[in-house]
Ligand code: NAD
Ligand code: GLY
């Protein structure tokens with residue numbers, strides 16, 4: 001078991017990582033229930049796979065679960081779902097001191113977190129993430145959001161959860177492709193600032209993907225510690241420290257946009273290909289060695305993740321991909337900051353990248 005604190009003054013909270021945490025939910029969640037009730041928001045897949053476990057566990061402590069089950073998929077992070085969810089929560093008599101439970105992947109966590117941020121000008125929420133991506137990234141750090149016509153995650157708030165309960169065994173029911181996609185975010189922590197952790201990934205990633213429980217637990221714990229440290233230093237992404245977590249996301253965003261934000265390319269898969277591209281672009285610009293860039297691609301390939309445009313099902317010219325990047329919410333003063341690398345574990349924020357160089361590089365990548 002690991003208890004990882006996120007140190008944010010009065011918004012501090014703990015992240016508990018333990019095998020079987022959902023089955024022991026009474027011990028962890030009873031203190032958050034009001035009138036022996038917890039409202040649990042989830043999606044239809046997770047309702048089938050994990051909600052019965054949680055409900056049974058809480059019943060053992062006479063805590064009733066009031067479930068709200070939403071359709072699974074990215075489309076649920078919408079104004080329409082938010083409005084419906086807010087009405088349902090108000091109908092259930094949610095008060096500011098209540099703790100709404102988000103049981104699911106990043107979609108449920110982001111939507112419920114945003115609903116909690118605005119309901120009654122802010123109430124509490126608890127994350128029980130059930131995808132690897134959510135366990136190592138989205139449930140930690142308080143970024144909440146919905147999507148709009150203009151793009152992904154453009155409406156949202158920083159709103160920290162009161163508690164995060166991570167049960168690695170909940171990944172047993174996760175489709176293999178989703179597990180691999182979430183693993184890209186694990187690799188990201190090694191590439192950002194921890195070369196030893198990247199070497200650990202090289203040695204243990206394939207076993208993790210194949211179901212090794214010790215590797216899974218270690219990866220989650222190390223990733224959460226890494227993210228908690230960065231969030232503790234730069235909660236609102238103002239100093240540039242938290243921006244490091246966006247490694248691979250600018251290239252990845254272009255790939256996701258080109259594939260229509262569809263199941264052709266999952267977010268984590270786009271991040272994987274994006275990180276490989278960021279390293280190869282860094283090598284091309286003379287910042288890092290080709291050997292390091294090749295190591296990144298080799299490792300991603302070893303776990304079945306895409307590491308180039310073809311693997312991401314993208315064949316568009318560089319100019320088109322750069323055009324997608326211009327809609328990225330990180331654009332500032334007409335410039336797009338890029339996360340580049342001087343080597344494995346040495347990511348830095350480059351604010352003066354010439355988009356013509358990016359387009360020429362991507363054209364070479366399509367050949
Ligand atoms: P997701 O929530 O859509 O989950 C992926 C799929 O797995 C869904 O079909 C879901 O129903 C299913 N699922 C989830 N847990 C399951 C389980 N245990 N068993 C069986 N099926 C299960 O996707 P995701 O990859 O978890 O999250 C992606 C979202 O996270 C995106 O909207 C992205 O913008 C957001 N995100 C947010 C942050 C942040 O800091 N807030 C960071 C990264 C990503
Ligand atoms: N996933 C990026 C962040 O939380 O800042």
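Within the range 43-79, track down each residue that is part of a loop (DSSP other than H, G, I, E, B), without any contact (Cβ under 8 Å) to a residue 60 or more places away in the chain and surrounded by fewer than 17 Cβ atoms within 10 Å (Cβ to Cβ). Step through it out loud before you land on a result.
Taking the range 43-79 first, the residues part of a loop (DSSP other than H, G, I, E, B) are 50, 60-63, 71-73, 77-78.
Adding the requirement that they be without any contact (Cβ under 8 Å) to a residue 60 or more places away in the chain leaves 60-63, 71-73.
Across the range 43-79, the qualifying residues are 60, 61, 62, 71, 73.
For the range 80-116, give me each residue that is in a helix (DSSP H, G or I) and within 10 Å of ligand 1 (Cβ to nearest atom). Correct list: 106, 107, 108, 109, 110, 111, 113, 114.
Is it the case that some residue within the range 1-14 is at pLDDT below 95 and either closer than 24 Å to residue 141 by Cβ or in contact with a strand residue (DSSP E or B) (Cβ under 9 Å, 6 or more places away or on another chain) (or both)? Break it down into steps so the answer makes sense when it comes.
At the first step, the residues of the range 1-14 found to be at pLDDT below 95 are 1.
Within this subset, residues satisfying the condition of being either closer than 24 Å to residue 141 by Cβ or in contact with a strand residue (DSSP E or B) (Cβ under 9 Å, 6 or more places away or on another chain) (or both) are 1.
Yes.
Selection of helices (runs of 4 or more DSSP H) fully inside the range 244-304 by the criterion of at least 1 residues being crowded, with 24+ Cβ neighbours inside 10 Å, modelled with pLDDT of 95 or more and within 14 Å of ligand 2 (Cβ to nearest atom) returns 249-258, 267-284. Being more than 15 Å from ligand 1 (Cβ to nearest atom), part of a strand (DSSP E or B) and at pLDDT 95 or above: is that true of residue 38 here? Considered against the rule, which asks whether it is more than 15 Å from ligand 1 (Cβ to nearest atom), part of a strand (DSSP E or B) and at pLDDT 95 or above, residue 38 comes out as yes. Residues in the range 87-103 that are modelled with pLDDT under 95 and crowded, with 16+ Cβ neighbours inside 10 Å: there are none.
A count restricted to the range 167-218 and to residues that are closer than 20 Å to residue 271 by Cβ and touching a strand residue (DSSP E or B) at 6+ places or on another chain (Cβ under 8 Å) stands at 3. Filtering the range 15-42 to residues that are out of contact with any helix residue (DSSP H, G or I) (no Cβ under 9 Å at 6 or more places or on another chain) and surrounded by 18 or more Cβ atoms within 10 Å (Cβ to Cβ) leaves 28, 32. What about residue 234, is it surrounded by fewer than 22 Cβ atoms within 10 Å (Cβ to Cβ), without any contact (Cβ under 8 Å) to a residue 40 or more places away in the chain and over 21 Å from residue 128 (Cα atoms)? Against the criterion (surrounded by fewer than 22 Cβ atoms within 10 Å (Cβ to Cβ), without any contact (Cβ under 8 Å) to a residue 40 or more places away in the chain and over 21 Å from residue 128 (Cα atoms)), residue 234 qualifies.
Would you say residue 239 is under 28 Å from residue 324 (Cα atoms), within 16 Å of ligand 1 (Cβ to nearest atom) and free of Cβ contacts under 8 Å to residues at least 12 places away in the same chain?
Against the criterion (under 28 Å from residue 324 (Cα atoms), within 16 Å of ligand 1 (Cβ to nearest atom) and free of Cβ contacts under 8 Å to residues at least 12 places away in the same chain), residue 239 does not qualify.
Each row is one residue, and each column tells you yes or no for (1) closer than 29 Å to residue 212 by Cβ; (2) away from ligand 2 (no atom under 16 Å from the Cβ); (3) under 15 Å from the mean Cα position of the chain (by Cα).
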site: 102; (1), (2), (3): yes, no, yes
site: 124; (1), (2), (3): no, yes, no
site: 135; (1), (2), (3): yes, no, yes
site: 138; (1), (2), (3): yes, no, yes
site: 151; (1), (2), (3): no, no, no
site: 160; (1), (2), (3): no, no, yes
site: 167; (1), (2), (3): yes, yes, no
site: 173; (1), (2), (3): yes, yes, no
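Only one of the numbered conditions (1) away from ligand 2 (no atom under 14 Å from the Cβ); (2) at pLDDT below 95 is violated by residue 239, and that is (1). If you scan the range 313-352, which residues turn out to be part of a loop (DSSP other than H, G, I, E, B), over 13 Å from residue 252 (Cα atoms) and modelled with pLDDT of 95 or more? The answer is 315, 316, 317, 342, 343, 344, 345, 346.
The values are calculated or read from the model by the stated rules, or taken from the named source; none is laboratory data. The shown structure was predicted, so the numbers you read here are calculated from the model rather than taken from an experiment. As a convention, Cβ positions derive from the backbone with ideal geometry for all residues, glycine included, and neighbour counts pool all protein chains shown.
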